[in-house]
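I have placed the structure first, in the form of structure tokens, so that the comments after it can refer back to it.
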Amino acid sequence: MHWCPYPNCQYVIIKKGLITDVKCICGHEFCFVCQKDAHMPATCKYELKIQLRIANFLTEQYVLSMGFVCPLTTCIMRDPVRASDGIAYERITFLRQFPNHPLKP
């Protein structure tokens, strides 16, 4: 027996049989074991792996698309600075490569 995880739903679900995906009276379908969205035939463990991979991919894609990667190191910048050419660089790497180059604040 579980409460439906849908926000503001007041129904309790009693699972019968071996199938783990259930549907509440409110219409929400979820996994009775992990309380996440229904994911049969994948196991809860496998579904978690997939969701983590998707989250990591989206985070990496976002960082790359937003230009948070230093063009010199190709790593995500922790302390970015903008050079007079308008490009952002990782501060320590830039200062080592170009010690006399002017930086914008």
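Remarks
- On inspection, THR73 fails the criterion of being free of Cβ contacts under 8 Å to residues at least 40 places away in the same chain and not in a loop (DSSP other than H, G, I, E, B).
- Residues of the stretch 1-53 classified as open to solvent by less than 50 Å² (accessible area, probe 1.4 Å) and in a loop (DSSP other than H, G, I, E, B), total: 11
- Qualifying residue in the stretch 54-61 (condition: surrounded by 13 or more Cβ atoms within 10 Å (Cβ to Cβ) and either within 21 Å of the chain's Cα centre (by Cα) or without any contact (Cβ under 8 Å) to a residue 24 or more places away in the chain (or both)): no
The values are calculated or read from the model by the stated rules, or taken from the named source; none is laboratory data. In this text the structure is predicted, and so the values were computed from the model without any measurement. Quick reminder, even Gly has a Cβ in these numbers, built from the backbone with ideal geometry, and neighbours come from all protein chains shown. Areas reflect the complete protein model, heavy atoms only, side chains present, ligands, DNA and RNA absent. Shrake-Rupley method; radii C 1.70, N 1.55, O 1.52, S 1.80 Å.
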